[in-house]
Every structure is written in structure tokens, then in C-alpha cells.
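Scroll down for the structure; my scribbles are underneath it.
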Amino acid sequence: MASIGFDIDQIVELGTQVAIGGAIRLGEIVGDDIFEYIVAIAAIVYEMEPGLP
């Protein structure tokens with residue numbers, strides 16, 4: 001019966017890829033949230049300023 005072996009380098013590489021993928025996704029979420037906040041603030045300021053066309 002053959003035993004299953006794992007190369008420690010592959011395990012480290014997988015952990016690195018998962019961490020990088022998670023960081024990229026988190027950056028996308030935070031970037032989207034910040035953009036939405038900026039747009040909301042701009043809309044509020046636009047609505048509050050009576051002199052703008």
C-alpha cells in the first residue's frame with residue numbers, strides 16, 4: 001500500500017496563495033465601501049447647498 005506524502009513547500013505555497021487571495025478580496029470590499037461613502041457624502045453636500053444648479 002502506497003503512502004500519501006505532502007511536500008511542505010506545497011503547503012506553504014497554498015497558504016500564501018490563500019492569504020494573498022483573501023487580502024485582494026478584502027481590498028476590493030474596502031475600496032468599494034470607501035467609494036460608496038464618498039459618493040454618499042458628495043450627494044448629501046450637493047443636496048444641502050442651495051446655490052448649486
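The values are calculated or read from the model by the stated rules, or taken from the named source; none is laboratory data. Values in this document were obtained by computation on a predicted structure and should not be read as measured data. Ideal geometry is used to build each Cβ from the backbone, glycine not excepted, and the neighbour counts take in all protein chains shown. Surface areas here come from the heavy atoms of the whole protein model, side chains and all, with no ligands, DNA or RNA. Shrake-Rupley method; radii C 1.70, N 1.55, O 1.52, S 1.80 Å.
In the list V45, V39, V30, V18, which residue meets the criterion of being at pLDDT below 90 and surrounded by 10 or more Cβ atoms within 10 Å (Cβ to Cβ)? First the steps, then the outcome.
Working: V39 fails: at pLDDT below 90; V30 fails: at pLDDT below 90; V18 fails: at pLDDT below 90.
Going through V45, V39, V30, V18 in turn, just one is at pLDDT below 90 and surrounded by 10 or more Cβ atoms within 10 Å (Cβ to Cβ): V45.
Only residues that are part of a helix (DSSP H, G or I), open to solvent by less than 100 Å² (accessible area, probe 1.4 Å) and not β-branched (V, I, T): list them for the stretch 1-15, please.
Step one: of the stretch 1-15, the residues part of a helix (DSSP H, G or I) are 8-15.
Of the ones still in play, those that are also open to solvent by less than 100 Å² (accessible area, probe 1.4 Å) are 11-13, 15.
The answer is E13, G15.
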